[in-house]
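Structure first, then comments.
The values are calculated or read from the model by the stated rules, or taken from the named source; none is laboratory data. Note that the structure is predicted; figures quoted are calculated from it, not measured. Don't worry about glycine lacking a Cβ; one is built from the backbone with ideal geometry, like all the others, and counts go over all protein chains shown.
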Amino acid sequence: MALTLAAAEWGGEFEGTLDPITSLFEFAPLPAFEDLALFGVDLWINRTILIAWFMTLVAMTLLVAATRNPQVVPGKLQSLVEMLVDFIRGLASDIIGTKGARYVPLLTTFFVFILFMNLAKLTPFLMLPPTSRIAFPLFLALIAWGVYVGAGIKEQGFVHYFKELAFPPGVPKALYVLLTPIELLSNLVLRPFTLMLRLFANMVAGHILVVITLVAIHVFLPSFPAGSLVGVFALVAAPLVFGFELLIIGLQAYIFTMLAAVYIASSVEPAH
Amino acid sequence: MENLGNGLVFGLATLGPGIGLGILIGKAIESMARQPEAAGMVRTTMFIGIAVVEALALLGFVLAFAI
């Protein structure tokens, strides 16, 4: 597929190697910031960062505009944001229980941040989700990890929390040989890892899908009559792909928030 | 040949989770239809299950590019 696309773009003949798929995601830094570094880590301001800043600004503007001057009878924007907060509050109280109210601000931040970062995937002129770079999901997952481990230590005490984690009660003693490494690995390593990977992989796959659909339209539709059938197919498929991606965007934000809440709940209320 | 391997890694990695997701969502719909008043709880639990099952397929997706 990729080779055919490249050949068509090239004018029928294609020689040489293809760009690796990462070239869809990696961008050069703005010229002014090429030398910017902190402790040997490059602080490049590139397209991804600019998109992230822009989407953050949009989210902040919307939230501030909705809540700065609250009315008793809410307007359209205010009722939308109230619905969102209500939704997260319901999720927190459903999953975490009575102690959930404390985590509503964090969960709302997760949801709004991920939703807006993902929405950049389908925003015209941006068309790149910053969450498809590993740093964003990585630090989101690290925050979630820190919060649920911290909540466990705070609610149950350091020793008790790790004892419950490593030696879940109600299991025959001999099984601990098997169970303890698995439990420790799954609770402390695999949870944040899959949390990160789920968001990251979904966004990467979605971005590649959108790019392939749009490039197929761009390349095949004008090449009459050789590949115009593929072009027409891509043209018909594009709205469906966009709709599907919109579903994925909302679903990933929701799943990340919900799983963070589930992990916090497992720390706040020890397993029975 | 290398690309073929990448494709195979992801393709094979989706087999198990695909079957798992089918069973999981099917059972969830079944229980929702049987007891509509428990739909909210079933849906939440279903999403947690989906998230766990899906992780395997995503691992395959990442490994396909990493290898």
**Q.** Within segment A:1-41, tally of residues that are modelled with pLDDT under 80, acidic (D, E) and exposed (fewer than 12 other Cβ atoms within 10 Å of the Cβ)
**A.** 4
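Any idea how many residues of segment A:201-225 are outside any helix (DSSP H, G or I) and either within 14 Å of another protein chain (Cβ to nearest Cβ) or in contact (Cβ under 8 Å) with a residue 40 or more places away in the chain (or both)?
Count: 1.
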Q: Any residue in segment B:20-40 that's at negative phi: show its pairings with residues that are surrounded by 12 or more Cβ atoms within 10 Å (Cβ to Cβ) and hydroxyl-bearing (S, T, Y) at Cβ separation under 8 Å, as long as the two are six or more apart or on different chains.
A: B:A28/B:T45; B:A38/B:S31
Q | Filter result for B:M46 (more than 10 Å from chain A (Cβ to nearest Cβ), over 15 Å from the mean Cα position of the chain (by Cα) and either closer than 21 Å to A:L190 by Cβ or surrounded by fewer than 18 Cβ atoms within 10 Å (Cβ to Cβ) (or both)) | A | no
Q.
Anything in segment A:237-272 that is within 11 Å of chain B (Cβ to nearest Cβ) and within 30 Å of A:H218 (Cβ to Cβ)? List them, or say none.
A. A:L251, A:Q252
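Among the residues of segment B:25-43, what is the count of those that are assigned to a helix (DSSP H, G or I) and away from chain A (no Cβ under 14 Å)?
Result for segment B:25-43: 11.
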Q. Can you name the residue in segment A:86-139 that is more than 14 Å from every other protein chain (Cβ to nearest Cβ), outside any helix (DSSP H, G or I) and of a type in the set (A, V, I, L, M) and, of all such residues, is nearest to A:L247 (Cα to Cα)?
A. A:L122
Q. Among A:P124, A:P172, which is the only one that is surrounded by fewer than 15 Cβ atoms within 10 Å (Cβ to Cβ) and within 30 Å of A:P239 (Cβ to Cβ)?
A. A:P124
Q: Out of the residues in segment A:105-149 that are hydroxyl-bearing (S, T, Y) and within 10 Å of the chain's Cα centre (by Cα), state the one that is farthest from A:L214 (Cα to Cα).
A: A:T131
Q. Any idea which of (1) within 14 Å of chain A (Cβ to nearest Cβ); (2) surrounded by 12 or more Cβ atoms within 10 Å (Cβ to Cβ); (3) farther than 18 Å from A:L199 by Cα; (4) not aliphatic (A, V, I, L, M) is the one B:N3 doesn't satisfy?
A. (2)
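Condition check ((1) more than 21 Å from B:E54 (Cβ to Cβ); (2) among the hydroxyl-bearing types (S, T, Y); (3) touching a helix residue (DSSP H, G or I) at 6+ places or on another chain (Cβ under 8 Å)) across all residues:
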| position | (1), (2), (3) |
| --- | --- |
| A:L179 | yes, no, no |
| A:S186 | no, yes, no |
| A:L209 | no, no, yes |
| A:F224 | yes, no, no |
| A:V230 | yes, no, yes |
| A:L247 | no, no, no |
| A:A261 | no, no, yes |
| A:S266 | no, yes, yes |
Q) Taking the condition farther than 30 Å from A:F116 by Cβ and in contact with a Phe, Trp or Tyr (Cβ under 8 Å, 6 or more places away or on another chain), does A:S267 pass? A) no
Q: Read through the list (1) without any contact (Cβ under 8 Å) to a residue 40 or more places away in the chain; (2) closer than 18 Å to A:A144 by Cα; (3) within 12 Å of another protein chain (Cβ to nearest Cβ), then give the number of the only condition that A:L185 fails.
A: (3)
Q: Please specify each residue of segment A:73-103 satisfying the condition of being closer than 24 Å to B:A38 by Cα and either among the hydrophobic types (A, V, I, L, M, F, W, C) or in contact with a Ser or Thr (Cβ under 6 Å, 6 or more places away or on another chain) (or both).
A: A:M83, A:L84, A:V85, A:F87, A:I88, A:L91, A:A92, A:I95, A:I96, A:G100, A:A101
Q: Give A:L190, A:L251, A:L246, A:L209 a once-over and let me know the one that is closer than 30 Å to A:K121 by Cα, modelled with pLDDT under 90 and surrounded by fewer than 20 Cβ atoms within 10 Å (Cβ to Cβ).
A: A:L190
Q. What about B:F65, is it assigned to a helix (DSSP H, G or I), modelled with pLDDT of 85 or more, over 19 Å from A:L190 (Cα atoms) and within 11 Å of chain A (Cβ to nearest Cβ)?
A. no
Q. How many residues does segment A:188-200 hold that are free of Cβ contacts under 8 Å to residues at least 24 places away in the same chain and farther than 26 Å from A:L247 by Cβ?
A. 2
Q: Report yes if B:L21 is assigned to a helix (DSSP H, G or I) and under 15 Å from A:L251 (Cβ atoms), otherwise no.
A: yes
